[in-house]
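First up is the structure itself, then whatever we jot down about it.
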Protein chains: 2
Amino acid sequence: MPQGVPTTVPDDGLTTRQRRRRPLLVVHTGVNKGKSTAAFGLALRQWTAGNSVAVFQFVKSAKWRVGEETALKALGELHEQTGQGGPVEWHKMGEGWSWSRKPGSDEDHAEAAREGWAEIRRRLEGGAHDFYVLDEFTYPLKWGWIDVDEVVAVMNDRPGFQHVVITGRDAPPALVEAADLVTEMTKIKHPMDAGQKGQKGIEW
Amino acid sequence: MPQGVPTTVPDDGLTTRQRRRRPLLVVHTGVNKGKSTAAFGLALRQWTAGNSVAVFQFVKSAKWRVGEETALKALGELHEQTGQGGPVEWHKMGEGWSWSRKPGSDEDHAEAAREGWAEIRRRLEGGAHDFYVLDEFTYPLKWGWIDVDEVVAVMNDRPGFQHVVITGRDAPPALVEAADLVTEMTKIKHPMDAGQKGQKGIEW
């Protein structure tokens with residue numbers, strides 16, 4: 001059953017109420033499934049709480065579309081029509097970032113990734129959203145396209161109350177160090193090891 | 001980036017197409033956050049695919065309500081109104097199972113858990129849904145309220161094409177053995193270790 005009891009009470013001078021509301025930097029890493037899926041599950045909770053949700057997918061292909069995209073966008077439309085829940089934005093690198101005039105390109109993923117991060121940085125500094133998913137964002141960090149120290153500095157200095165979830169394998173140590181909550185999705189067993197192919201509704 | 005390449009090709013006589021569609025038994029276990037959240041994230045994918053989703057929460061309290069419940073029910077209503085996505089059912093032990101005349105009781109959780117499992121068994125045997133979430137189901141197994149060998153037998157014999165996701169700490173070995181996909185959510189870092197309390201939109 002879910003437990004909400006902290007194991008220690010810090011000597012930080014904060015009240016319980018203040019400690020209940022703290023913007024979190026969350027990292028989902030490890031080799032197994034569930035990193036992005038759990039991030040989008042958290043987005044559901046945020047939607048229900050009426051918070052502004054923004055997803056930034058650092059995927060190469062415009063064709064890559066997960067089921068969560070359709071479902072979360074449907075919830076965003078429901079919010080626009082009825083006021084229920086919160087607003088949802090979904091941005092994808094592979095099809096060209098929605099705010100950019102540049103089309104998606106197979107040529108310079110590094111430049112596209114940097115452009116995505118520059119926009120996220122602007123939004124974080126401006127307090128644009130309540131909840132950010134930076135999906136598959138560990139890869140441009142790992143490949144050196146985006147400077148991890150800059151990312152950590154922006155996260156540490158972000159104003160107001162903005163949660164950020166970063167997903168992907170091989171999260172850099174500096175990011176893990178800066179995060180409040182880090183979960184590693186560890187593989188105990190995976191059907192692809194038994195030759196199973198990816199399938200709709202499970203892998204996408 | 002998401003990979004769909006199996007590491008081995010089994011000698012099972014199946015075509016790639018057949019191997020693409022296989023009902024999975026999935027277990028999300030381990031001590032950290034993300035077990036239920038990732039299961040509800042998968043439910044989003046299933047909804048988008050137009051599949052019938054049924055969630056059974058083995059939680060004690062009727063008051064326990066996660067944000068995913070509101071959001072997934074909203075998607076279920078959207079399906080009823082517009083035909084988009086698939087149908088969604090959400091059943092919770094603590095408030096008395098919806099199909100049952102018995103109210104939620106603080107007195108006999110074991111009996112309530114067994115009643116929930118009996119209904120799930122009937123539905124699995126009848127092929128009622130495409131996707132089941134048995135949330136926090138490892139606990140009644142761990143406490144001996146429900147026989148794990150019976151659960152494994154029902155899973156192994158379930159007809160048609162029904163995915164099942166079971167969440168909770170300490171998944172029994174026999175269940176892990178029977179599962180196709182097992183992910184352990186491993187704690188690298190948790191804010192409650194630093195005295196952070198649970199908060200809306202993150203823990204529920």
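A short reminder: the numbers here are calculations on the coordinates, not readings from a lab. This structure is a prediction, so every number in the text was calculated from the model and none was measured. A quick note on method: Cβ atoms are made from the backbone with ideal geometry, for glycine too, and the neighbour counts reach across all protein chains shown.
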Between B:GLU95 and A:ASP170, the FRET efficiency computed from the C-beta separation at R0 = 51 Å comes out, to the nearest 0.05, as 0.75
Those helices of chain A passing the 24 Å axial Cα length cut-off and the mean Kyte-Doolittle cut-off of 1.0 (DSSP H runs only) are none
So for segment A:76-204, using the alpha carbon gyration tensor with a ≥ b ≥ c as root eigenvalues (a/c under 1.5 gives rounded; past that, a/b versus b/c decides prolate or oblate), I'd call it rounded
Most exposed to least, judged by fewest other Cβ atoms within 10 Å, A:HIS190, A:HIS28 sort to A:HIS190, A:HIS28
With +1 at each Lys and Arg Cβ and -1 at each Asp and Glu Cβ, the charge dipole magnitude of the protein assembly as shown around its Cα centre, to the nearest 20 debye, comes out at 340 debye
Place a point 7 Å from the Cα of A:LYS63 in the direction of its beta carbon; the residues of segment A:176-204 whose amide N falls under 19 Å from it are A:197-204
Of all DSSP beta bridges having both residues in chain A, the percent classed as antiparallel (nearest 5) is 0 percent
Once phi for every residue in segment B:176-186 is put through the Karplus expression 6.51 cos²θ - 1.76 cosθ + 1.60 (θ = phi - 60°), the whole-Hz ³J(HN,Hα) values, with Gly and Pro written as x, are 4, 4, 7, 6, 8, 9, 10, 10, 9, 7, 9
Label points for A:ALA62 built 7 Å along Cα→Cβ; distances to same position in the other copies, nm, shortest first, come to 5.2
So, with points 7 Å from each Cα along the Cβ direction, the A:GLU77-A:ALA194 label distance in nm works out to 3.8 nm
quick note, the protein assembly as shown, DSSP beta bridge pairs, % antiparallel (nearest 5) is 15 percent
The answer for GluC sites (Glu not before Pro) in segment B:70-160 that fall in a DSSP coil and have at most 16 neighbouring Cβ atoms within 10 Å is B:GLU95, B:GLU107
Output field shielding_mean for A:52-65 (other chain Cβ, 10 Å radius) holds 1
Distances in nm between the label point of A:PRO159 (7 Å along Cα→Cβ) and its equivalents in the other copies, shortest first, are 6.3
Chain B, Gaussian network, Cα under 10 Å: of B:THR167, B:THR37, B:THR183, the residue fluctuating most is B:THR183
Dividing the mean separation of Cα pairs under 8 Å (6+ apart) by the residue count of segment B:22-142 yields a relative contact order in percent of 32 percent
Sorting from shortest, the nanometre distances separating the label point of B:VAL176 (7 Å past Cα along the line to Cβ) from those of the same residue in the other copies are 2.1
In the structure shown, of A:LYS60/B:LYS73; A:LYS35/A:LYS197; B:LYS92/B:LYS187; A:LYS73/B:LYS35, the pairs separated by more than 25 angstrom at the C-alpha atoms are A:LYS60/B:LYS73; B:LYS92/B:LYS187
Once normalised by the length of chain B, the mean sequence separation of its alpha carbon contacts under 8 Å that are 6 or more apart gives a contact order in percent of 32 percent
Only helices counted: for chain A, with every DSSP H run of 4 or more residues adding -39500 (n - 2.57) and the sum spread over all residues, [θ] at 222 nm is -11000 deg cm²/dmol
Mean per-residue count of partner chain Cβ within 10 Å for B:69-81 equals 4
Within 10 Å of the Cβ of an average residue in A:172-183, the count of other chain Cβ atoms is 4
Rounded to the nearest whole number, the per residue volume of the convex hull around the C-alpha atoms of the protein assembly as shown in Å³ is 152 Å³
